[in-house]
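**Q** Okay, handing you the structure first.
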Amino acid sequence: MAPIERLGLYLQDMYVRDMVRFSQIAEQHGFDSVWVAESRLARDAVVPVAAIATDTYKIKVGAGVVNTWTRNAALIAQTFATLDELSNGRVLLGIGAWWDPLAQKVGIERREPLQCMKEYVQVIRRLFRSEDVDFDGKFVKMQGVKLDILHGTGEKRRSIPIYVGGTGFKMLELAGEIADGVLLNYLVSPKYNEKALESIKLGAQKAGRGIDEIDTPQLIACSMDEDADKAIKLAKNHVTMTLGQQPHIMKASGVGDELIRAVQEKMGGWPAKPGGIERAAEIVPDQVVLMLTASGTPEDCRKKIAEYTEAGCKSPLLLPLSANVEYIVKSLA
């Protein structure tokens with residue numbers, strides 16, 4: 001296995017103070033970046049990014065991802081310009097199109113997500129450059145807007161990297177055209193990456209760029225234990241939950257509709273009924289877990305991560321599914 005130059009950590013579903021502590025451990029062990037999730041209605045990404053940036057010194061800190069529907073483009077630019085100041089230039093903006101049924105449940109109609117994403121990225125990038133922005137789009141409208149942040153004797157032009165998080169191939173193509181990087185999703189197989197990279201390359205060509213100019217970090221779900229069966233069992237609950245609530249991710253990897261429907265029925269809808277995830281997990285084959293995650297012993301996990309890097313992932317972002325985050329960091333560092 002070839003050595004991995006940039007290893008990252010992806011954090012969700014834990015206390016913010018634990019995120020800070022694990023980020024410090026990752027930094028101490030040479031990790032390149034740490035990213036914070038903002039997917040379900042649990043914790044937002046902005047507060048943990050600020051906390052991590054305050055108590056670390058060199059590790060990059062990313063939001064993976066904020067969405068284009070609940071924050072105005074100028075507010076996103078303002079927020080991340082502030083985080084960039086706090087982190088001394090270490091912050092990464094990950095932005096995504098969100099997902100249903102969560103968006104529907106809070107009264108948001110996600111229409112024309114590609115056009116919306118394109119407008120957001122265009123405007124946010126111009127605001128980062130301290131430009132005066134006039135823009136009349138379908139989703140973003142600006143009249144003489146400029147970030148009003150002064151540093152010492154003058155304004156500081158910002159070069160905050162913008163990553164688009166996407167699963168669908170049309171969104172990946174757009175990301176290759178307009179973004180600095182693409183945050184590849186998790187719970188997809190290495191085989192999925194082949195088609196994903198084709199889409200990103202096509203988009204990059206539209207912008208006169210090569211695929212090598214686009215960063216492609218990827219979330220990789222990781223469940224690790226000296227007992228491989230225990231690690232797989234822990235991962236299965238998370239895989240089952242995602243099968244039920246975000247089936248578009250699973251379909252992208254070739255998981256059959258029949259299994260997805262059966263899991264959703266066992267779960268009792270979303271949010272799952274009490275005990276629903278556990279009942280549904282009983283019908284999910286181990287092979288599906290092994291296809292979509294890095295689960296098992298440390299050596300098993302290393303081999304699976306290598307499959308993703310060989311398939312185009314430039315920086316594995318480890319998303320721990322088991323509670324032993326420090327063990328995972330130290331084992332893979």
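**Q** What percent of all Cα-Cα pairs in segment 60-214 falls in each 10 Å bin, counting up from 0?
**A** Over segment 60-214, the share of Cα pairs per 10 Å bin runs 11, 38, 37, 13, 2, 0 percent.
**Q** Among DSSP beta bridges lying fully in the chain, give the percent that are antiparallel, nearest 5.
**A** Beta bridges within the chain, antiparallel portion: roughly 15 percent.
**Q** So for the pair GLU278, ALA42, with labels modelled 7 Å out along Cα→Cβ, what separation do we get in nm?
**A** About 1.9 nm separates the two model spin labels.
**Q** Relative to the first principal axis of the alpha-carbon coordinates of the chain, what is the inclination of helix 228-245, with its axis defined by its Cα atoms, in degrees from 0 to 90 and to the nearest 10?
**A** So the inclination is approximately 60 degrees.
**Q** In addition: Work out the FRET efficiency for ARG129 and ILE108 from their Cβ-Cβ distance, taking R0 = 25 Å, and round it to the nearest 0.05.
**A** Efficiency, from the Cβ-Cβ distance: 0.30.
**Q** What percentages, rounded to whole numbers, describe P(r) for the chain computed over all alpha carbon pairs with 20 Å bin width beginning at zero?
**A** Pair shares across the bins are 31, 60, 9, 0.
**Q** Select from VAL91, VAL145, VAL121 the residue whose mean-square fluctuation is largest in a Gaussian network model of the chain (Cα-Cα springs shorter than 10 Å).
**A** VAL145
**Q** Now, a different point. Which pairs break 31 Å Cα to Cα here: LYS58/LYS273; LYS105/LYS146; LYS105/LYS201; LYS105/LYS330; LYS105/LYS251; LYS58/LYS195? Can you show the working numbers first?
**A** Working: LYS58/LYS273 43 Å; LYS105/LYS146 33 Å; LYS105/LYS201 35 Å; LYS105/LYS330 40 Å; LYS105/LYS251 22 Å; LYS58/LYS195 34 Å.
Among LYS58/LYS273; LYS105/LYS146; LYS105/LYS201; LYS105/LYS330; LYS105/LYS251; LYS58/LYS195, the Cα-Cα distance tops 31 Å for LYS58/LYS273; LYS105/LYS146; LYS105/LYS201; LYS105/LYS330; LYS58/LYS195.
**Q** With charges set only on the Cβ (+1 for Lys and Arg, -1 for Asp and Glu), what does the dipole of the chain come to about its Cα centre, in debye to the nearest 20? Don't jump to the answer; show the numbers that get you there.
**A** Numbers: 41 positive and 43 negative charges, 104 e Å.
Dipole magnitude for the chain comes out near 500 debye.
**Q** Related question: Pairs of Cα atoms under 8 Å, at least six residues apart: use those to get the relative contact order of segment 227-296, whole percent.
**A** Reported relative contact order: 44 percent.
**Q** Please state the charge dipole magnitude for segment 227-296, taken about the Cα centre, from unit charges on C-beta atoms (+1 on K and R, -1 on D and E), reported in debye and rounded to the nearest 20. All intermediate terms of the calculation are to be shown ahead of the outcome.
**A** Numbers: 8 positive and 8 negative charges, 37 e Å.
The dipole magnitude comes to about 180 debye.
**Q** Against the longest principal axis of the chain, how steep is helix 190-206, in degrees 0 to 90 to the nearest 10, with axes from Cα atoms?
**A** Once rounded, the angle reads 20 degrees.
**Q** Further, regarding this structure: State the extension gain, in nm to one decimal, for the chain segment bounded by ARG6 and LEU202, taking 0.36 nm per residue of separation less the distance between their alpha-carbons.
**A** Working it through step by step, the gained length comes to 68.1 nm.
**Q** What angle do you read, to the nearest 10 degrees and between 0 and 90, between the alpha-carbon axis of helix 113-128 and the longest principal axis of the chain?
**A** 50 degrees
**Q** Related question: Show me 125-135, 205-215, 242-252 ranked by packing, highest mean number of other Cβ atoms within 10 Å first. Spell out each step's value before the answer.
**A** Values: 125-135: 17.1, 205-215: 13.5, 242-252: 20.2.
Output ranking for 125-135, 205-215, 242-252: 242-252, 125-135, 205-215.
**Q** Return the calculated 222 nm mean residue ellipticity for the chain, to the nearest 500 deg cm²/dmol, obtained by summing -39500 (n - 2.57) across DSSP H runs with n ≥ 4 and dividing by the residue count.
**A** -14000 deg cm²/dmol
We did not get these values from a lab; they are worked out from the coordinates using the rules stated. All values reported here derive from a predicted model rather than from experimental measurement. Because the Cβ atoms are built from the backbone with ideal geometry, glycine has one as well, and the counts that use them run over all protein chains shown.
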